[in-house]
Amino acid sequence: QVQLVESGGGLVQAGGSRRLSCAASGSIFSVDLMGWYRQAPGKERELVNTITSGGVTYYPDSVKGRFTVSRDNAKNTVYLQMNSLKPEDSAVYYCNKVFPPRYNWGQGTQVTVSS
């Protein structure tokens, strides 16, 4: 079973940037659709972007123009560049497959945006 380890979170001021990484213990080359998710306290986990194995991306309006997802299949790593961060972006961020069966969820990485 592939293990996912997210990193790069921390405390950042509103308007700042952060780059997250998600390293998989096994190959994700064949996984067509990976995504970053986030979960804020008391809220459901939400999908914040997706990326195909070929690099085609999707973003909901809430993060479009501010977040950029990328992947390095050779390194089995997915990245999330977050710019112009807002307090409402504060959450624990996870990566995983978009479609089931998903990998076990990693521990996530906490991003806190101060106003």
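The values are calculated or read from the model by the stated rules, or taken from the named source; none is laboratory data. Remember, it's a predicted structure, so these values are computed and weren't measured experimentally. We place every Cβ from the backbone using ideal geometry, glycine too, and count neighbours over all the protein chains shown. Heavy atoms of the whole protein, side chains included, go into the accessibility calculation; ligands, DNA and RNA do not. Shrake-Rupley method; radii C 1.70, N 1.55, O 1.52, S 1.80 Å.
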Legend entry - Subset of the range 79-105 that is small (Gly, Ala, Ser) and buried (at least 18 other Cβ atoms within 10 Å of the Cβ) - its residue that is nearest to Cys22 (Cα to Cα): Ala91
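Name every residue in the range 52-78 that is among the β-branched types (Val, Ile, Thr) and under 18 Å from Ser21 (Cβ atoms), in order of residue number.
Once the filter is applied, which keeps residues that are among the β-branched types (Val, Ile, Thr) and under 18 Å from Ser21 (Cβ atoms), the range 52-78 yields Thr57, Val63, Thr68, Val69, Thr77, Val78.
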Inset, instruction - Kindly list, by first and then second residue, each pair from a residue in the range 40-52 that is in contact (Cβ under 8 Å) with a residue 24 or more places away in the chain to a residue that is open to solvent by 90 Å² or more (accessible area, probe 1.4 Å) and outside any loop (DSSP other than H, G, I, E, B), limited to pairs with Cβ atoms under 7 Å and residues at least 6 apart or on different chains. - result: Asn49/Tyr58; Thr50/Tyr58
Legend entry - Unique residue being farther than 25 Å from Val2 by Cα, free of Cβ contacts under 8 Å to residues at least 60 places away in the same chain and in contact with a Lys or Arg (Cβ under 8 Å, 6 or more places away or on another chain) when the list is Asp61, Asp89: Asp89
Legend entry - Among the candidates Ser25, Ser70, residue that is open to solvent by 20 Å² or more (accessible area, probe 1.4 Å) and touching a Gly at 6+ places or on another chain (Cβ under 8 Å): Ser70
